[in-house]
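The values are calculated or read from the model by the stated rules, or taken from the named source; none is laboratory data. Remember, it's a predicted structure, so these values are computed and weren't measured experimentally. Heads up, the Cβs are rebuilt from the backbone with ideal geometry, glycines too, and the neighbour counts pull from every protein chain shown. Areas reflect the complete protein model, heavy atoms only, side chains present, ligands, DNA and RNA absent. Shrake-Rupley method; radii C 1.70, N 1.55, O 1.52, S 1.80 Å.
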Amino acid sequence: MAASSESDILSNQNSRLPDDTVFYAIFPDFSLNSNPTPDLSSSLQSLHLQVLQTISSFTTDYLWQHEPFALSLSSLPKPSCFCSSHLPHLHGKLRFGDNLDDEWFAVFLLFHISTSFPSLSIRVWDTDGEFLLIEAAFHLPRWLNPENSLNRVFIRQGHLHIVPKDRIPSPTLEDSLRFIFNRGEESRASETIQSSVKNRISDYPERATRNMHSVRVRVPVSVAQVLKHEPCLISLAVEGFYDRDIDAMKHAARMERFLPKGREEELVCVSVKMSRAMYAQLVQQTFQAPKCYPMPNRTDAAAYAEAELGLKIACGLEMIYQLRKREGLEGKGSTWEAYRESLESSGYFQGLLPGSKEYQRLIDNAEEYYRNSSLFARASGMLSAPVRRIDEILALPHSADDFSSQEVPPSDDDTWLYNGEDELNSALFERQKEMDLYNSKRKKKQKGQEDTDPSSSSNLDEAALGDIAKTMQAFVHKVSSYKGAEVPENRNLKEVDLNVDRFIKDIESVMKRQGFENAGSDVDVEGSSSDFDLDDSEDESDIAEPSEDNKDGEDTFMHSYSDVMNEELKTTTLEKSFVRANEQAPKKAEGKSNAAENMDEDFTPVDVDVNLVKSFLDSFSSQQGLPGPASNLLGLMGVNLPRDNDKKGE
């Protein structure tokens, strides 16, 4: 629990956050002082010890998946880490791996800390961002989203706080901390959000105790000795076994540290406590014992099962021991990989291929610097600590007699491993209930909006929606200049610099040439640099004058085209998307196509004005009060629709 090197990964703001790690930062109110003083540093150290002492009763007997909950002091007087660039604080990280219970247990501890120390504001996040908000996703205000949630979500005095957007649009960390300190009642989240988050941790710390699983195993004496003095090292053993690779398996095949006598080593029966996640990781993998390992006869099924589980623990402990020992000696570790990646991103290797002579020279220089740096000193000490502790334990006198006389309790019931369907279904049912409740509230709200919608009869008179159709028709039929659709004169738009005569000539030339190509003419268009430089006489000669024959041909084509189009539309649902006129269709004019004459009654004329207004209102409603194309276009036409009163509270 002492201060460790959590800041290693937090100090690199550009590095990719691990997928299975939760980060947290604790900001005391006194850190908001503008001038750091020696008293501030002393106060932060005192707070650090008090916090660790407060949570020790919950964490003493808890076995973490990969690493324990820890806190470290930010560097003073100018902290530089992922949490804050200038505010003194406490921070830490916790790798939970496959055990999500570790992450939520850490959240419980942070809430407990905030209750015990009312003058603290706490942030917690992971690669999903503000994952606490995910638990309350169905109850969040509409304006809150992952893009604007940074520096808004905090834990303070046992409650979740969300800095409102209308008070601070783009908050910095210090802005939010000061706002919560001065106006915490305004930032406190709603009760539905509070309950959603707190329900997730409501059964802690009891759940942490239930997640522990004790099991009888048969292991070599050296393994039993290590686990007797340091039960927490079971986490390293499971990690070594579960994350093994080919190189690690070579160490398991020899078992040099924990099986010095080979098959002559005696196995002893002990009880080992681990988390349920660890137990599942061991049991659910098949593993063949190395030749040097003394396995009992299969005739004794119970003893063989205990030895098989002990085999995985012993091999995992051997593999992790050798790995940490090698990393400590070579001066490499988790921070070395981060350091090497930073060198690559900065162009240190100059694009050289790995394995080349020059690349190896650069990597050797980097390793030498890393070994001599303070970064290596911290990382090496952390990595080699388990190795030194194991060596210290095994240096103590021990024998099989120390364990043979002990009474070993039976293993805990592990039916939870195979009967988890009920628990899963219960969790899914709760989520489904939450989703159904959200959907029902949403439908009621939409129904209420329809009743008070601007398209309803109560608002039609206020908005003068009949003017929308008239205004739109005037807007469409208005003859505009080459500048395009006319907008209010106070709009500051740049004028278009266009040679109108040249533009019209070029367009007519293209249309003429296209007509020649369709007629199969032999016009030579390749290699000509004056395709668009035709004189007026050529343009006039190429444009055919309209004639009676041409008109008849055009009418015949349009009728045929209309026939085909109407037949296609009959098989679609397009007709249902329009509001149709109540009156009967007008008498058919002469000269219409046969298909038009035989048109079904369903193809009655549509009410253009009603459809226009309906489309505008639907588009305006879908904007939900935000800027959009409908409101912008209506604004240009001088029409302002009233906003839905129900959205004011969102």
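For segment 198-205, check the following and say yes or no: at least one residue is among the aromatic types (F, W, Y) and within 23 Å of R442 (Cα to Cα).
Within segment 198-205, the first condition is being among the aromatic types (F, W, Y), and the residues that meet it are 204.
The next check asks that each one be within 23 Å of R442 (Cα to Cα); those that pass are none.
No, segment 198-205 contains no residue that is among the aromatic types (F, W, Y) and within 23 Å of R442 (Cα to Cα).
Does segment 295-318 hold any residues that are free of Cβ contacts under 8 Å to residues at least 40 places away in the same chain and assigned to a loop (DSSP other than H, G, I, E, B), and which are they?
M295, N297, R298, T299, D300
What about R183, is it of a type in the set (K, R) and touching a residue at least 60 places away in the same chain (Cβ under 8 Å)?
Criteria not met by R183.
Evaluate the following for L177: is it in a helix (DSSP H, G or I) and either open to solvent by 20 Å² or more (accessible area, probe 1.4 Å) or touching a strand residue (DSSP E or B) at 6+ places or on another chain (Cβ under 7 Å) (or both)? Don't jump to the end; show me each part of the working.
Values: in a helix (DSSP H, G or I): yes; either open to solvent by 20 Å² or more (accessible area, probe 1.4 Å) or touching a strand residue (DSSP E or B) at 6+ places or on another chain (Cβ under 7 Å) (or both): yes.
Yes; evaluated as a whole, the condition is true for this residue.
Applying the selection to segment 145-161, what residues are assigned to a loop (DSSP other than H, G, I, E, B), of a type outside the set (A, V, I, L, M) and within 19 Å of the chain's Cα centre (by Cα)? Working first, answer last.
Looking only at segment 145-161, we keep the residues that are assigned to a loop (DSSP other than H, G, I, E, B), and these are 145-152, 157-158.
Cutting the leftovers down to of a type outside the set (A, V, I, L, M) gives us 145-149, 151-152, 157-158.
N145, P146, E147, N148, S149, N151, R152 - these are the residues of segment 145-161 that are assigned to a loop (DSSP other than H, G, I, E, B), of a type outside the set (A, V, I, L, M) and within 19 Å of the chain's Cα centre (by Cα).
Does segment 139-160 contain at least one residue that is modelled with pLDDT of 90 or more, on the phi > 0 side of the Ramachandran plot and open to solvent by 20 Å² or more (accessible area, probe 1.4 Å)?
yes
Identify the single condition in (1) free of Cβ contacts under 8 Å to residues at least 40 places away in the same chain; (2) under 22 Å from W104 (Cα atoms) that N148 does not satisfy, given that it satisfies every other one.
Result: N148 passes all but (2).
Working carefully through the options A280, A303, A314, A252, find the one that is farther than 30 Å from T209 by Cα, among the hydrophobic types (A, V, I, L, M, F, W, C), open to solvent by less than 30 Å² (accessible area, probe 1.4 Å) and at pLDDT 85 or above.
On the way: A280 fails: farther than 30 Å from T209 by Cα; A303 fails: farther than 30 Å from T209 by Cα; A314 fails: farther than 30 Å from T209 by Cα.
Going through A280, A303, A314, A252 in turn, just one is farther than 30 Å from T209 by Cα, among the hydrophobic types (A, V, I, L, M, F, W, C), open to solvent by less than 30 Å² (accessible area, probe 1.4 Å) and at pLDDT 85 or above: A252.
Looking only at segment 92-129, count how many residues are charged (D, E, K, R) and more than 23 Å from M212 (Cα to Cα).
First, the residues of segment 92-129 that are charged (D, E, K, R): 93, 95, 98, 101-103, 123, 126, 128.
With more than 23 Å from M212 (Cα to Cα) added as a condition, the list becomes 123, 126, 128.
Adding up the residues that qualify gives 3.
Looking at segment 217-234, which of its residues are in a helix (DSSP H, G or I) and touching a strand residue (DSSP E or B) at 6+ places or on another chain (Cβ under 8 Å)? Quick ask: steps written out before the conclusion?
First pass over segment 217-234, keeping only residues in a helix (DSSP H, G or I): 221-229, 231-234.
Scanning segment 217-234 gives V221, A224, L227, K228, P231, I234.
If only one of P169, P164 is without any contact (Cβ under 8 Å) to a residue 40 or more places away in the chain, open to solvent by 30 Å² or more (accessible area, probe 1.4 Å), out of contact with any Phe, Trp or Tyr (no Cβ under 8 Å at 6 or more places or on another chain) and in a loop (DSSP other than H, G, I, E, B), which one is it? If you could, list the steps in order and put the result at the bottom.
On the way: P164 fails: open to solvent by 30 Å² or more (accessible area, probe 1.4 Å).
Just a single option satisfies the conditions, and that option is P169.
Look at R257 and say whether it is over 17 Å from A307 (Cβ atoms), open to solvent by 20 Å² or more (accessible area, probe 1.4 Å), in contact (Cβ under 8 Å) with a residue 60 or more places away in the chain and touching an Asp or Glu at 6+ places or on another chain (Cβ under 7 Å). Show your work before the answer.
Numbers: over 17 Å from A307 (Cβ atoms): yes; open to solvent by 20 Å² or more (accessible area, probe 1.4 Å): yes; in contact (Cβ under 8 Å) with a residue 60 or more places away in the chain: yes; touching an Asp or Glu at 6+ places or on another chain (Cβ under 7 Å): yes.
Against the criterion (over 17 Å from A307 (Cβ atoms), open to solvent by 20 Å² or more (accessible area, probe 1.4 Å), in contact (Cβ under 8 Å) with a residue 60 or more places away in the chain and touching an Asp or Glu at 6+ places or on another chain (Cβ under 7 Å)), R257 qualifies.
Against the conditions (1) assigned to a helix (DSSP H, G or I); (2) under 19 Å from S187 (Cα atoms), where does P118 fall short? Just the number, please.
Of everything listed in (1) assigned to a helix (DSSP H, G or I); (2) under 19 Å from S187 (Cα atoms), P118 misses just condition (1).
Report every pair of residues separated by at least 6 positions or lying on different chains whose Cβ atoms are under 9 Å apart, first residue within segment 92-104 and farther than 13 Å from D19 by Cβ and open to solvent by less than 30 Å² (accessible area, probe 1.4 Å), second part of a strand (DSSP E or B) and not hydroxyl-bearing (S, T, Y).
G92/F23; G92/A25; G92/I26; L94/V22; L94/F23; D102/V22; D102/L94; D102/R95
What residue, of E308, E358, E367, E344, is under 39 Å from the mean Cα position of the chain (by Cα) and open to solvent by 50 Å² or more (accessible area, probe 1.4 Å)? Before the answer, list the steps.
Working: E308 fails: under 39 Å from the mean Cα position of the chain (by Cα); E358 fails: under 39 Å from the mean Cα position of the chain (by Cα); E367 fails: open to solvent by 50 Å² or more (accessible area, probe 1.4 Å).
Only one candidate qualifies: E344.
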